[in-house]
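To keep things clear, I will list the structure first and then write my remarks on it.
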Amino acid sequence: MEKIKIKKDLFCPPWTQTILGTHFAQKVNFMALDWVTRVNFQPAMLGICVNRIHASHEAIRNSGEFSVNVPSVDMVDITDYTGLFPAKMLTSQDFLKFIMVS
C-alpha cells in the first residue's frame with residue numbers, strides 16, 4: 001500500500017480508531033491508538049495520547065518518530081490484536097504470524 005499524504009484540511013475526531021507505528025528495541029511495534037486529533041492547521045500537526053508506561057511512548061521519546069495509520073474495516077482483528085498484547089511481551093514475528101492467520 002502506498003503512503004497517503006495527509007491534507008492540511010484533514011480533521012480527525014478524538015474517537016477515530018487508529019494504529020500507532022513505532023520502532024521499539026530494534027523491531028516494528030504497533031499499538032491501538034484511540035485518541036488522535038488535529039492540533040494545528042498550518043503546518044499540519046496531529047496530537048496523540050500515549051501512556052508513558054507503554055513501549056510506544058519510550059520508542060517515540062528515543063527516536064522522535066512514529067506513524068499514525070487508519071485501518072480499514074477489514075483490519076478489525078489486527079487492530080484489536082495491537083490493543084491487547086504489549087510490545088514488551090511480543091516479537092515482530094508474533095505479530096506477523098497473527099496477520100498471516102487472520
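The values are calculated or read from the model by the stated rules, or taken from the named source; none is laboratory data. Everything numeric in this text was worked out from a predicted model, so none of it was measured. Note that each Cβ is placed from the backbone with ideal geometry, even for glycine, and that neighbours are counted across all protein chains shown.
For this structure, a couple of remarks:
- Looking only at residues of the range 38-59 that are of a type in the set (Val, Ile, Thr) and loosely packed, with under 15 Cβ neighbours inside 10 Å, we find that the one that is nearest to VAL70 (Cα to Cα) is VAL39.
- Elements of the type helices (runs of 4 or more DSSP H) sitting completely within the range 18-101 and holding at least 3 residues that are at pLDDT 90 or above and on the phi < 0 side of the Ramachandran plot: these cover 55-63.
- Pairing each residue of the range 58-76 that is within 14 Å of MET31 (Cα to Cα) with any residue that is assigned to a helix (DSSP H, G or I), provided the two are 6+ apart or on different chains, yields C-beta distances under 7 Å for PHE66/ILE60; PRO71/ILE78; PRO71/THR79.
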